[in-house]
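Trainee: Take a look at this one; I'll ask things after.
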Amino acid sequence: MILIDGKKIAAELREELKKEVSNLKVKHNKVPGLTVILIGDLTPSQIYVRNKEKSANEVGLKSEVIKYPDSVEENIILDKIQKLNKDETVSGILVQLPLPKHIDRQKVIETIDPSKDVDGFHPMNVGNLSSGYESSVPCTPLGCYLLIKKIEPNLNGKKAVIVGRSNLNGKPMTQLLLKENCTVTITHSKTKDLKAECLEADIIVAAVGIPELVKGDWVKKGSIVIDVGINKIDKGIVGDVDFKEVSKNAKAITPVPGGVGPMTIACLLKNTIDCFKRSQI
Ligand code: GUN
């Protein structure tokens, strides 16, 4: 069984990105810039944003975090995004989610220039991804995709089952695997027999937010299992996969933590660099 070491693979990716940034600096005499907007003081968001900033600095990006109180008015945020859209030193803009209730999330996402949308959440990027055109791809599914490709470079004809149909994970994951010629089944809370679906899979991506939902006898021998879940329960942090039992059948599996998580931030840096490169053409 291969334990997919997301921490190590993310560190390798960051190393590659660091070299790329240094080459871009020589070529263009400037470096890609990432601006993160953080509204409110939710602890998980603060931790994520701090990690994003730290990693961005580590690979040599220009990084900026703009903080607003929870009570900030929506138009202040929209005006700021419009300014950042016009700012040539900003290659990528990320507004940390979740947002306070009085701020319209979709309006915020749609105000970001699609060419600076490092989250890949703008409808134009969503559409481009589903049409198979070049686009920013949401960081978590992109990270999962890179991990899967490390284990199995040729995905032609593989059966993939995605557990969870969110816009952040399940749907873009489907598009990425379809592009690789997988046969993809997307499952969700109303799926009739989730176990039977999972048993068909060569690749399972669990991104549903239910602790240890995917059991050992749901997984056929030799499958690749990617666990996107981060769930806090009494015994600590667990994924959406029963790691101990599923590892007995899987060919390769990601741990939680230390699997998908580190890849998400590395992919954000990659997206920022890719936005910069497209803007220089
Ligand atoms: N909050 C949790 N995950 C994410 C993410 O991938 N992007 C943004 N913008 N906010 C998040």
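Rule-based calculations on the coordinates, nothing more; no lab input. Treat the numbers as computed from the prediction; the structure is a model and nothing was measured. Quick reminder, even Gly has a Cβ in these numbers, built from the backbone with ideal geometry, and neighbours come from all protein chains shown.
Trainee: Give a residue-ordered list of calculated ³J(HN,Hα) values for the stretch 198-206 (Karplus: 6.51 cos²θ - 1.76 cosθ + 1.60, θ = phi - 60°; whole Hz; x for Gly, Pro).
Mentor: 5, 5, 7, 7, 7, 9, 10, 10, 9
Trainee: Could I ask something else about it? For the chain, what is the mean residue ellipticity at 222 nm derived from helices alone (per DSSP H run of n ≥ 4: -39500 (n - 2.57); sum divided by total residues; nearest 500 deg cm²/dmol)?
Mentor: For the chain, the value works out to -13500 deg cm²/dmol.
Trainee: Rank-order 238-250, 17-29, 122-134 by packing density, defined as the average count of other C-beta atoms within 10 Å over each peptide's residues, highest first.
Mentor: Packing order, densest peptide first, comes out as 238-250, 122-134, 17-29.
Trainee: If the convex hull of the alpha-carbon atoms of the stretch 145-281 is projected onto planes in all directions, what is the mean projected area in square nanometres?
Mentor: That works out to 8.8 nm², a quarter of the Cα hull's surface.
Trainee: Kirkwood hydrodynamic radius, the stretch 75-119, all distinct C-alpha pairs: what's the number in Å?
Mentor: 10.7 Å
Trainee: Tell me the volume per residue, in Å³, of the convex hull enclosing the alpha carbons of the stretch 6-58.
Mentor: Taking the convex hull of the Cα positions in the stretch 6-58, it is 71 Å³ per residue.
Trainee: Enumerate the calculated ³J(HN,Hα) couplings along the stretch 246-258 in order (Karplus 6.51 cos²θ - 1.76 cosθ + 1.60, θ = phi - 60°), each rounded to whole Hz, writing x wherever the residue is Gly or Pro.
Mentor: Whole-Hz 3J(HN,Hα) from phi for the stretch 246-258: 5, 4, 5, 9, 6, 6, 8, 8, 8, x, 10, x, x.
Trainee: Something else now. Can you grab the distance from the C-alpha centre of the stretch 234-256 to the C-alpha centre of the stretch 60-91, Å, no decimals?
Mentor: Measuring centre to centre over Cα atoms gives 38 Å.
Trainee: Based on a Kirkwood Rh over C-alpha pairs, give the Stokes-Einstein translational diffusion coefficient of the stretch 52-187 at 20 °C and viscosity 1.002 mPa s in µm²/s.
Mentor: Reported coefficient: 129 µm²/s.
Trainee: Pairwise over distinct Cα atoms, reciprocal of the mean inverse distance: report the Kirkwood radius of the stretch 159-230 in Å, one decimal place.
Mentor: Radius from the Kirkwood sum: 12.0 Å.
Trainee: Sticking with this structure for a sec: Would you please give the residues with an amide H less than 5 Å from that of Glu212, counting only those at least 5 places away or on a separate chain, with H modeled from the backbone geometry?
Mentor: Amide H neighbours of Glu212: Gly239, Asp240, Val241.
Trainee: First obtain the Kirkwood hydrodynamic radius of the chain from its Cα pairs, then insert it into the Stokes-Einstein equation at 10 °C and 1.306 mPa s, and state the resulting D in µm² per second as a whole number.
Mentor: My calculation gives 82 µm²/s for D.
Trainee: Further question: What are the residues whose amide H is under 5 Å from the amide H of Thr183, where those residues sit 5 or more places off or on another chain and H is modelled from the backbone?
Mentor: Under 5 Å from the amide H of Thr183: Gly157, Lys158, Lys159, Ala160.
Trainee: Report, in whole Å, the centroid distance computed from the Cα atoms of the stretch 198-221 and the stretch 25-51.
Mentor: Value for the Cα centre distance between the two parts: 33 Å.
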